[in-house]
Amino acid sequence: MSLKKLNEKISQCKKCELCKTRINVVCGSGSDQAEIMFVGEAPGRKEDEAGLPFIGSAGKILDEMIESIKLKRDDVYIANVVKCRPPENRDPKPEEVVMCKDWLNQQIEIIKPKLIVLLGRHSMDRFLPGQKISVDHGKPKRYNGRIYYPVYHPAATLYKRSLLEELQKDFQKIPKIIKEIEKDNKDEITEV
């Protein structure tokens, strides 16, 4: 199945209660050939209105981070764990994450990114349960045959400016991690 066809299916989803309060399903955006996939938590108000991920304040920071590693938004793929906005921007409920799980898995299978960058604790919990973002950010992890790289969520830097420097440092490691993956693709990814 193509990513376009999958996203058409996702946009019709009514698996959970979020379908009743959403304006748009936010499938994701970017290249279906992306080496790097960014996965956030859930769409916010602006994303729900436009049907596109990361276009608000956190999205501007994400764009700056992507540009800092000499890439553009069109070079990567950006998605969320949950495809519809939770009311009042609350955290996604565990059952909502479960309902969207297969959609995100299928996107990953189609895109086949070399690296999945986990934006924040909710995204990290989805793929690397039991880890702590404050401890594990900036450390690539291999799990179930894929390489994940947890970083702070760009929105966290809006509330705690000191995290911006950490996010910038973690992003600067991404090109090195991609080279490491391409170089030897061993079971262990060296911490950069």
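The values are calculated or read from the model by the stated rules, or taken from the named source; none is laboratory data. Just so you know, these numbers come straight off a predicted model, no measurement behind them. Neighbour counts are summed over all protein chains in view; Cβ atoms, including those assigned to glycine, are modelled from backbone coordinates with ideal geometry.
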- Task: Please enumerate the residues belonging to segment 16-35 that are crowded, with 17+ Cβ neighbours inside 10 Å and within 16 Å of CYS84 (Cβ to Cβ).
- Result: CYS16, LEU18, ARG22, VAL25, VAL26, CYS27, GLY28, SER29
- Task: Evaluate the following for VAL26: is it of a type in the set (Val, Ile, Thr), in contact with a Lys or Arg (Cβ under 8 Å, 6 or more places away or on another chain) and part of a strand (DSSP E or B)?
- Result: no
- Query: Looking at segment 70-87, which of the residues that are of a type outside the set (A, V, I, L, M, F, W, C) and part of a strand (DSSP E or B) is surrounded by the fewest Cβ atoms within 10 Å (Cβ to Cβ)?
  - Reply: TYR77
- Query: What number of residues within segment 49-69 are surrounded by 20 or more Cβ atoms within 10 Å (Cβ to Cβ) and over 16 Å from the mean Cα position of the chain (by Cα)?
  - Reply: 0
- Query: Of all the residues that make up segment 137-151, how many are among the hydroxyl-bearing types (Ser, Thr, Tyr) and under 12 Å from ILE177 (Cα atoms)?
  - Reply: 2
- Residue in segment 45-61 that is touching a residue at least 60 places away in the same chain (Cβ under 8 Å), closer than 23 Å to ASP136 by Cβ and in a helix (DSSP H, G or I) present: yes
- Item | helices (runs of 4 or more DSSP H) contained entirely in segment 88-181, each with at least 1 residues that are at positive phi and surrounded by 13 or more Cβ atoms within 10 Å (Cβ to Cβ) | none
- Any chance TYR159 is at pLDDT below 95 and aromatic (Phe, Trp, Tyr): yes
- Restricting attention to segment 130-140, does a residue exist that is more than 20 Å from LEU18 (Cβ to Cβ), of a type in the set (Ser, Thr, Tyr), touching a Lys or Arg at 6+ places or on another chain (Cβ under 9 Å) and without any contact (Cβ under 8 Å) to a residue 12 or more places away in the chain? yes
- Some residue of segment 110-117 being modelled with pLDDT of 95 or more and closer than 20 Å to CYS13 by Cα: yes
- So which residues in segment 56-94 are in contact with a Ser or Thr (Cβ under 9 Å, 6 or more places away or on another chain) and not charged (D, E, K, R)? ALA58, ILE61, VAL76, TYR77, ILE78, ALA79, ASN80, VAL81, CYS84, PRO86, PRO87
